[in-house]
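Some notes on the structure that comes next.
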């Protein structure tokens, strides 16, 4: 009996820590949009913002990753596939596909397609690992998606295009890969090492896309305006690299390894709500009541999905 009580406490603490870490990661990721919007309005191209963001994040994490490697450089060689897949899919594909999608369609529709990633994760785990979702999990997924639609506050009659849908679907694949690969420890790859390697690979991949002309690259040194203040261009860039890249990816990997890719993918829907709140504070974009209702439904959906998760032995 004492052992069962101890195991229950351990599982409860793991869940609590995982959800808090996921909330921190979602908040950090959610800050990236408003900061990037300020830079874009000042004359930066989206690809240039992303490149600086992920490469700066990699530079910040690099010393910690080197310490965690403890001289075992063969660990990188043994897990080269995992690092390359994370960088190319979870970072480069997700970012490039999303920015190409918004060039052809409404931002809200592109986000809606990208954030169907949790459903893709559920389907992948079902087909690949025979982890069939229960009715409660499906119910939680439906509630979360409804909440997401309300948060995005899509207006009727929004123009779309098949090209935009294809790019947004690519962003969804990249987001799903982020959760699946973050849960994969490989040959005991520390989370910081995975994040650092992925950011380096992804940043260089996006840079190559810019050089090849897939996305435009241009930047300025003009000051960046937010609500109530104007800051030098390097201030939002520094926040993007340190907070929305290094902290966001490390905490996201940690949360996914604590919660599992399925629950973590639904918990990450809070990023959309965080983005709206940060847009309210930094850009003056006031959320509508229906968006706040959607945020509440997202949280309810995460709770329901958790109730549908199989109990740990």
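Where a number appears in this text, it was derived from the coordinates with a stated rule and is not lab data. Computed from a predicted structure; not experimentally measured. Ideal geometry is used to build each Cβ from the backbone, glycine not excepted, and the neighbour counts take in all protein chains shown.
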Margin query: Can you order the peptides 275-285, 51-61, 234-244 by their average number of other Cβ atoms within 10 Å per residue, highest first?
Written below: 51-61, 234-244, 275-285
Checklist line | Simple label model, 7 Å out from Cα along Cβ direction - residue 127 to residue 188, nm | finding: 3.4
Notebook entry, point to check: Relative contact order of the chain: what whole-number percent is it, with Cα pairs under 8 angstrom and at least 6 residues apart?
Noted result: 40
Check: Does the range 178-233 come out rounded, prolate or oblate by the C-alpha gyration tensor, with a ≥ b ≥ c the root eigenvalues, rounded set by a/c under 1.5 and, if not, prolate when a/b is larger than b/c and oblate if not?
Finding: oblate
Next item on the list: Starting from the Cα of residue 73, step 7 Å along the direction of its Cβ; do the same at residue 163; then give the gap between the two resulting points in nm.
Entry: 4.5
Next item on the list: Please work out whether the range 224-313 counts as rounded, prolate or oblate from its C-alpha gyration tensor, where a ≥ b ≥ c are the square roots of the eigenvalues and a/c under 1.5 means rounded, while otherwise a/b larger than b/c means prolate and anything else oblate?
Entry: oblate
Note to self: Per-residue counts of other Cβ atoms within 10 Å, averaged by peptide: what ranking do you get for 246-255, 66-75, highest first?
What the structure shows: 246-255, 66-75
Item checked: Full-stretch length increase - residue 293, residue 231 - with 0.36 nm per residue and alpha-carbon distance subtracted -> 19.0 nm
Next item on the list: Taking just the C-alpha trace of the chain, give me its Rg and Dmax in Å.
Entry: 19.3, 65
Check: In terms of the Cα gyration tensor, with a ≥ b ≥ c the square roots of its eigenvalues, is the range 140-271 rounded because a/c is under 1.5, prolate because a/b exceeds b/c, or oblate?
Finding: rounded
Check: With contacts defined as alpha carbon pairs under 8 Å and 6 or more residues apart, what's the relative contact order of the range 165-313 in percent?
Finding: 27
